[in-house]
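For reference, the structure is listed below as structure tokens.
The values are calculated or read from the model by the stated rules, or taken from the named source; none is laboratory data. Keep in mind the model is a prediction, meaning the values are calculated, not measured. Glycine gets a Cβ as well: all are built from the backbone with ideal geometry, and neighbour counts include every protein chain shown.
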Amino acid sequence: MTARILDGNALAQRLRADFKTRAEALAARGTRPGLAVILVGEDPASQVYVRNKVNACAQAGFHSVRISYPPDVEPQVVFDKLAELNADPAIHGILVQLPLPKHFDSDAVLKAIAPAKDVDGFHAENVGALMQGHPRFIPCTPYGVMKFFADAGIDLRGKEAVVLGRSNIVGKPMAMLLLQASATVTVCHSQTRDLAFHTRRADILVAALGKARFVTADMVKPGAVVIDVGINRLPDGKLCGDVDFAGVSEVASAITPVPGGVGPMTITMLLANTLEAAEREAG
Ligand code: GUN
């Protein structure tokens with residue numbers, strides 16, 4: 001079997017064209033969707049992600065501001081900025097790029113974002129709303145993954161779904177969304193015994209563990225749908241996912257590539273959440 005490739009660039013482009021139209025309609029009524037992105041420190045990957053987020057806003061006709069701080073900034077400076085952004089009517093979405101330097105209490109920072117502007121969906125109130133089944137903002141990466149399933153007509157009801165990774169950003173919200181879509185969900189992590197036993201049972205396999213080409217063809221059930229959330233840099237500088245694409249695409253029925261799979265969808269869903277926040281605010 002050669003898997004169907006789920007093209008994140010193509011899906012992202014279609015969705016972003018729609019968001020641009022909706023943003024223009026909203027701007028004509030006096031509200032331009034606005035996103036503020038806060039970056040603390042000089043992590044090269046975070047710098048790239050933040051630049052991509054700000055550029056995506058510009059292309060979709062959104063207003064955006066990027067606020068950068070040196071790695072040793074006093075946390076209070078960031079809390080003060082968040083209070084200002086929470087009260088700023090031109091800003092509908094606020095995102096603090098993670099990870100933060102070690103002297104920050106990340107949970108406290110995320111809780112200082114107004115829940116109605118928390119477009120990452122990481123505030124405890126929004127995490128609780130997602131868990132109760134009435135999300136206000138769905139975290140962008142798992143939201144993007146769910147869009148792949150919807151777009152490709154993949155029915156999740158009753159399917160065995162296995163998530164590799166239990167992070168607050170991807171693994172946990174991903175599991176919750178799959179559960180809400182009536183899949184039977186298993187979450188595997190670094191302490192899971194016999195990981196391949198679980199992955200081989202999966203009709204839907206989501207890899208978000210951050211290990212280059214970890215998932216190999218022998219770990220995948222023939223016909224499975226494989227979603228690769230990993231972005232890893234190889235010694236030669238090339239990007240690759242958590243899945244061995246060449247091998248697994250011979251076994252799976254559908255697979256996302258890296259790059260060009262989940263990555264472009266994450267930023268797209270950040271635009272979706274920012275637009276939704278602005279539309280709610282405009283009434
Ligand atoms: N770091 C890695 N992924 C993310 C994300 O989706 N949002 C934020 N804020 N930081 C991240």
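H63 - would you say it is of a type outside the set (G, A, S), away from the ligand (no atom under 16 Å from the Cβ), surrounded by 17 or more Cβ atoms within 10 Å (Cβ to Cβ) and without any contact (Cβ under 8 Å) to a residue 60 or more places away in the chain? Walk me through how you get there before you give the answer.
On the way: of a type outside the set (G, A, S): yes; away from the ligand (no atom under 16 Å from the Cβ): yes; surrounded by 17 or more Cβ atoms within 10 Å (Cβ to Cβ): yes; without any contact (Cβ under 8 Å) to a residue 60 or more places away in the chain: yes.
Yes: the conditions hold for H63.
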**Q.** Residues of segment 125-166 satisfying the condition of being closer than 20 Å to V220 by Cα and touching a residue at least 60 places away in the same chain (Cβ under 8 Å)
**A.** V145, F148, F149, A152, I154, L164, G165
(Q) When you scan segment 226-238, do you find a residue that is without any contact (Cβ under 8 Å) to a residue 40 or more places away in the chain, more than 16 Å from the ligand (Cβ to nearest atom), out of contact with any Asp or Glu (no Cβ under 9 Å at 6 or more places or on another chain) and at positive phi, even just one? (A) yes
Q: May I ask you to verify whether L271 is within 16 Å of the ligand (Cβ to nearest atom) and under 22 Å from G34 (Cβ atoms)?
A: yes
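Just for segment 147-158: of the residues that are out of contact with any Ser or Thr (no Cβ under 7 Å at 6 or more places or on another chain) and among the charged types (D, E, K, R), which one is surrounded by the most Cβ atoms within 10 Å (Cβ to Cβ)?
K147
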Q: Could you list all residues from segment 174-232 that are within 17 Å of the chain's Cα centre (by Cα) and of a type outside the set (A, V, I, L, M, F, W, C)?
A: G210, D228, G230, N232
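Could you tell me whether any residue of segment 254-263 is more than 16 Å from the ligand (Cβ to nearest atom), at pLDDT 95 or above and in contact with a Gly (Cβ under 7 Å, 6 or more places away or on another chain)?
yes
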Q) Among the candidates I113, I91, I38, which residue alone is modelled with pLDDT of 95 or more, over 19 Å from the mean Cα position of the chain (by Cα) and surrounded by 17 or more Cβ atoms within 10 Å (Cβ to Cβ)? A) I91
Q.
What's the number of the only condition in (1) over 20 Å from G210 (Cβ atoms); (2) surrounded by fewer than 17 Cβ atoms within 10 Å (Cβ to Cβ) that S190 fails to meet?
A. (1)
